[in-house]
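K.L.:
Mind looking over this structure? Questions follow.
The values are calculated or read from the model by the stated rules, or taken from the named source; none is laboratory data. Just so it is clear, the structure is predicted and the values come from calculations on it, not from any experiment. A quick note on method: Cβ atoms are made from the backbone with ideal geometry, for glycine too, and the neighbour counts reach across all protein chains shown. Accessible surface is based on the protein model in full, side chains and every heavy atom, while ligands, DNA and RNA are left aside. Shrake-Rupley method; radii C 1.70, N 1.55, O 1.52, S 1.80 Å.
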Amino acid sequence: FPGGREEKDGEDLDRLKWRERERERCQEKMGQEIQNIGPQLPLGFGDGNPKESSPFINSTDTEKGKEYDGKNMALFEEEMDTSPMVSSLLSGLANYTNLPQGSREHEEAENNEGGKKKPVQAPRMGTFMGVYLPCLQNIFGVILFLRLTWVVGIAGIMESFCMVFICCSCVMGPGGSLGPEFGGAVGLCFYLGTTFAGAMYILGTIEILLAYLFPAMAIFKAEDASGEAAAMLNNMRVYGTCVLTCMATVVFVGVKYVNKFALVFLGCVILSILAIYAGVIKSAFDPPNFPICLLGNRTLSRHGFDVCAKLAWEGNETVTTRLWGLFCSSRFLNATCDEYFTRNNVTEIQGIPGAASGLIKENLWSSYLTKGVIVERRGMPSVGLADGTPVDMDHPYVFSDMTSYFTLLVGIYFPSVTGIMAGSNRSGDLRDAQKSIPTGTILAIATTSAVYISSVVLFGACIEGVVLRDKFGEAVNGNLVVGTLAWPSPWVIVIGSFFSTCGAGLQSLTGAPRLLQAISRDGIVPFLQVFGHGKANGEPTWALLLTACICEIGILIASLDEVAPILSMFFLMCYMFVNLACAVQTLLRTPNWRPRFRYYHWTLSFLGMSLCLALMFICSWYYALVAMLIAGLIYKYIEYRGAEKEWGDGIRGLSLSAARYALLRLEEGPPHTKNWRPQLLVLVRVDQDQNVVHPQLLSLTSQLKAGKGLTIVGSVLEGTFLDNHPQAQRAEESIRRLMEAEKVKGFCQVVISSNLRDGVSHLIQSGGLGGLQHNTVLVGWPRNWRQKEDHQTWRNFIELVRETTAGHLALLVTKNVSMFPGNPERFSEGSIDVWWIVHDGGMLMLLPFLLRHHKVWRKCKMRIFTVAQMDDNSIQMKKDLTTFLYHLRITAEVEVVEMHESDISAYTYEKTLVMEQRSQILKQMHLTKNEREREVRFPCLGSEREEPEGEGDADPEKVHLTWTKDKSAAEKNKGPSPAHPLSSPPPSPRNQSNVRRMHTAVRLNEVIVKKSRDAKLVLLNMPGPPRNRNGDENYMEFLEVLTEHLDRVMLVRGGGREVITIYS
């Protein structure tokens, strides 16, 4: 057909464009939503904002129909608006890369240099290069070369073996999620640990430089032996600050060169370890010559002498040696010498006897030292001095520089096993992260554990105990102790460890700022957001500056042995929560927790968590408390200010599981009276703009609840769900904002119903879940109930009273709610008056007690009034009520009001007559609604009282008839007048019940107004509605009369059970 090919090509072009558009949209959404592509795929990428308001497939939008012409998925065209096709999803996943943000921006910036864009290659690193070697580089470090020999010498082979085994075991375990609060706290602890690790590596570098490479570079010199430690610390501070500045500059200027030299630094580590093993093998048949000098059983430092002897032969003459001059007053034979020097002989032994010497038996057990004690060889004969004889610190002995014990050694050694997260941190560079991370990490842990355990045994088997306990190698001419064992030369270890510690320090200063930048960009810690910014290529400039400042704190401490326990705390806390996350995810059986590692079991994670927690307190209980306090403060800060993202974490799953368990427990039975508290369902009304009409109702809720118990704020919208769903969502948002402003902790529920009465009934019936349901309904008095069309407002209110009674729910009705105080207000004086007419289970006693816990009502005193009849003993009633309140532990003033029988006043008759006439007219006249409204507004049958200002929107032209006592007295004196429409004989006997009720309301109102006119709040019993529905409107009149001339009133109706008890 003519043009058929062109049409086909046009159709294919449209289809290709559509697919490309879908792919781009899918990738954009994934870039925003996917954090890390792990063992699970996201279930959907819809933004939750459908473009169509119609829920039906048939659409009248012709343009949208044209958009999907030529496609074979027209049935799903509505879903295609918000969700991508599977083909687009898979294409986006195939092209997705989860490189770290800083690395990706840096790589893109380099690729875009010169205006020529180069393609970004996908990561291709495997298990060996991507996980195994980085973990080795981070685990092997300064402790292996500078402190492991000393730890073995102090703790012995057995305790050192246990120490290494425990430390290596507690770091095993995969990862999980505990939510933004825990994630932020643990992430910051990991950052602090990495930062202090940088300080430790720099201190190790300076120690190697000044103690073993160039001792003459020391700036501060000690005048005597006692000042050597202080001078060394000052040198460490000065040189450490200089090295830190240089390293930070290198990281800032050329971080890519640091990464390129990482393999060189790793090569130094591996070469040094191989040199140690070669030296052990060689020592079995040809031990190195490193003699040490002993005076008695005391180890001597080689710094001040060369010959290990007191006397020497020069020709045929006996002369004294330099060692003699160190212990005696002169170089002559008749000089006065140190008593211990005189009594004991000088002996020279080999410091490295070798693996075949049988030395392992001597080094099997511990030999802990106190500070300032001389390092002595066990089993050597010596002539001791009297107890209490002081030791001259200027003599060339090898002294212990610190008091040692097992827990201290654990804290110093533990940083040597950190670094297992290096593979996880490089997950974006791996070809298959799910396979490489567990395999490479476990292999690295196994390798390093084998090296450490074998090193413990080999050091104890090859090196003399006094040399092991000599931390700085003073007995072996100032050599690095582990270097004396190495082959072919000690310099291999010295130079290799120097470059290794330099590289580890640079890696820490490179990784820590990026970790802080990632935490900052997550937005969970608001005050850290400034550190998420950096240079144009993504380099974290501000984070590097903060890292350098924190690292300087460790440099100023200046002692490697003091810094190591600090970073141990932060790493242990990090590993503890990682193990906890795995255990929680497994125990909760989270559907998306699907670890590929087949040998994983939750008990391993739980064991690792327990070991980490135990090690924290074993290392240093006060450091552990400080670290936990820091993590707790970060957690609470994130919970208060941040944590706006949903991470699908294990803590949320744990909360859901705990909530389910608690709800099932609540189903076992109703709460005991001791545990009863008002669980409120607050019914509020919203206007046309979906704003709450009376926010004071929520203020009262906050004052009554103080954030405890259940609170459900409900509202009803008229209409259908399909048409009014957006309005319901806006109403919920408005209510939630108000709840947050009023500090009301609870839930919001907006119901759409065909009429208000059914909607309120649905809220009362279906609010809550299981045993967590409301037991009290709080509602405002229906203001202007006389003016509403067809009187539906007060009918709904009375039905609400009946439904709460049928449901055994307590009811609180606030009248003049606009006059109730807000949360910022304070009452400096006044009273809360309780009018206890009938027993309602104790609600009237409990509510003022709860209110007075809030700062608004705290200074208001509580007064309780009760009414005595003619046959009651008012004095005894007061005593009994006082005793009852004493047992309830409630402080209140008690007053018994006596209401004597009196004649029914004409005022009562007239109000009853007006009420009944209105009721009869509305029932008997079959008029339209408009006519009925006009009848209601007839002057003689109008409202009996003016609405308070702000309560209603009454017509200003309407005539109100308000009765007062003066009018009543005037009518009595005036007598009946035939012309007056309200002057009629008393009602018939069938209406005597209404007269009695009105009489009670009038008399009780007179007494309440007299006693409680100045009260800040009046609480009184709410009478129930009549059983006969024909008198509903009379019921409203009774309540109006009962509460006349009172500012703030709360009508209380109990739920039919006791809510207060004398027992605790």
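K.L.:
Can you tell me which of Ile374, Ile349 is of a type in the set (A, V, I, L, M, F, W, C) and under 23 Å from Pro288 (Cβ atoms)?
P.N.:
Ile349
K.L.:
Also, quick follow-up: Restrict the check to the range 331-352 and report whether at least one residue is under 30 Å from Ile463 (Cβ atoms), of a type in the set (A, V, I, L, M) and part of a loop (DSSP other than H, G, I, E, B).
P.N.:
Yes, the conditions are met somewhere in the range 331-352.
K.L.:
Can you give me the number of residues within the range 353-374 that are part of a loop (DSSP other than H, G, I, E, B), of a type in the set (A, V, I, L, M, F, W, C) and farther than 19 Å from Ala461 by Cα?
P.N.:
Keep residues of the range 353-374 that are part of a loop (DSSP other than H, G, I, E, B), which gives 353-354, 358, 362-373.
Checking which are of a type in the set (A, V, I, L, M, F, W, C) leaves us with 364-365, 369, 373.
Applying the additional criterion that residues be farther than 19 Å from Ala461 by Cα yields 369, 373.
The number of residues fulfilling the criteria is 2.
K.L.:
Also: Among the residues of the range 484-538, count how many are touching a Gly at 6+ places or on another chain (Cβ under 6 Å), open to solvent by 40 Å² or more (accessible area, probe 1.4 Å) and not charged (D, E, K, R).
P.N.:
1
K.L.:
Related question: Looking at the range 725-745 only, could you name the residues that are touching a residue at least 12 places away in the same chain (Cβ under 8 Å) and either basic (Lys, Arg) or open to solvent by less than 30 Å² (accessible area, probe 1.4 Å) (or both)?
P.N.:
Across the range 725-745, the qualifying residues are Ala728, Arg730, Ala731, Ser734, Ile735, Arg736, Met739, Lys743, Val744, Lys745.
K.L.:
Shifting gears a bit: Anything in the range 405-424 that is in a loop (DSSP other than H, G, I, E, B), surrounded by 23 or more Cβ atoms within 10 Å (Cβ to Cβ) and hydroxyl-bearing (Ser, Thr, Tyr)? List them, or say none.
P.N.:
The one that is in a loop (DSSP other than H, G, I, E, B), surrounded by 23 or more Cβ atoms within 10 Å (Cβ to Cβ) and hydroxyl-bearing (Ser, Thr, Tyr): Thr418.
K.L.:
Which is in a helix (DSSP H, G or I), under 51 Å from the mean Cα position of the chain (by Cα) and more than 30 Å from Lys535 (Cα to Cα), of Ala230, Ala222?
P.N.:
Ala230
K.L.:
So, one more: Go through the range 579-609 and count every residue that is surrounded by 14 or more Cβ atoms within 10 Å (Cβ to Cβ) and assigned to a helix (DSSP H, G or I).
P.N.:
Number of matching residues: 16.
K.L.:
If you go through the range 791-846 one residue at a time, how many are among the basic types (Lys, Arg), more than 21 Å from Val1007 (Cβ to Cβ) and surrounded by 18 or more Cβ atoms within 10 Å (Cβ to Cβ)?
P.N.:
1
K.L.:
Take Ile550 and decide whether it is of a type in the set (Val, Ile, Thr), modelled with pLDDT of 90 or more, closer than 27 Å to Asn259 by Cα and within 28 Å of the chain's Cα centre (by Cα).
P.N.:
In short, yes.
K.L.:
Can you report the number of residues in the range 323-376 which are within 22 Å of Leu311 (Cα to Cα), open to solvent by 20 Å² or more (accessible area, probe 1.4 Å), touching a Gly at 6+ places or on another chain (Cβ under 6 Å) and not charged (D, E, K, R)?
P.N.:
1
K.L.:
Limited to the range 216-274, what total is found for residues that are at pLDDT below 80 and acidic (Asp, Glu)?
P.N.:
2
K.L.:
Would you mind stating whether Arg783 is touching an Asp or Glu at 6+ places or on another chain (Cβ under 7 Å), open to solvent by 30 Å² or more (accessible area, probe 1.4 Å), under 24 Å from Tyr1035 (Cβ atoms) and part of a helix (DSSP H, G or I)?
P.N.:
Working: touching an Asp or Glu at 6+ places or on another chain (Cβ under 7 Å): yes; open to solvent by 30 Å² or more (accessible area, probe 1.4 Å): yes; under 24 Å from Tyr1035 (Cβ atoms): yes; part of a helix (DSSP H, G or I): no.
Criteria not met by Arg783.
K.L.:
Also, I was wondering about something else. Which residues, taken from the range 539-578, are surrounded by fewer than 20 Cβ atoms within 10 Å (Cβ to Cβ), among the polar types (S, T, N, Q) and part of a helix (DSSP H, G or I)?
P.N.:
Within the range 539-578, Thr541 is the sole residue that qualifies.
K.L.:
Does Ala356 satisfy the condition of being under 60 Å from the mean Cα position of the chain (by Cα) and of a type outside the set (S, T, N, Q)?
P.N.:
Working: under 60 Å from the mean Cα position of the chain (by Cα): yes; of a type outside the set (S, T, N, Q): yes.
Answer is yes for this residue.
K.L.:
Only one residue in Ala229, Ala199, Ala218 is touching a residue at least 12 places away in the same chain (Cβ under 8 Å) and more than 25 Å from Gly496 (Cβ to Cβ). Which one?
P.N.:
Answer to the selection: Ala229.
Residue-by-condition table, conditions (1) touching a residue at least 40 places away in the same chain (Cβ under 8 Å); (2) touching a helix residue (DSSP H, G or I) at 6+ places or on another chain (Cβ under 9 Å); (3) farther than 25 Å from Asn477 by Cβ; (4) among the aromatic types (Phe, Trp, Tyr):
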| position | (1), (2), (3), (4) |
| --- | --- |
| Asn235 | no, yes, no, no |
| Val250 | yes, yes, yes, no |
| Asn259 | yes, yes, yes, no |
| Ala262 | yes, yes, yes, no |
| Ile292 | yes, yes, no, no |
| Glu317 | no, no, yes, no |
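K.L.:
Take Ser818 and tell me if it is hydroxyl-bearing (Ser, Thr, Tyr) and more than 22 Å from Leu1039 (Cβ to Cβ).
P.N.:
no
K.L.:
Please enumerate the residues belonging to the range 201-218 that are touching a helix residue (DSSP H, G or I) at 6+ places or on another chain (Cβ under 6 Å) and crowded, with 21+ Cβ neighbours inside 10 Å.
P.N.:
The answer is Tyr201, Ile202, Leu203, Gly204, Thr205, Ile206, Ile208, Tyr212.
Here's the yes/no breakdown for (1) in contact with a Leu (Cβ under 9 Å, 6 or more places away or on another chain); (2) among the polar types (S, T, N, Q):
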residue	(1), (2)
Leu698	yes, no
Thr711	yes, yes
Ser715	yes, yes
Ser766	no, yes
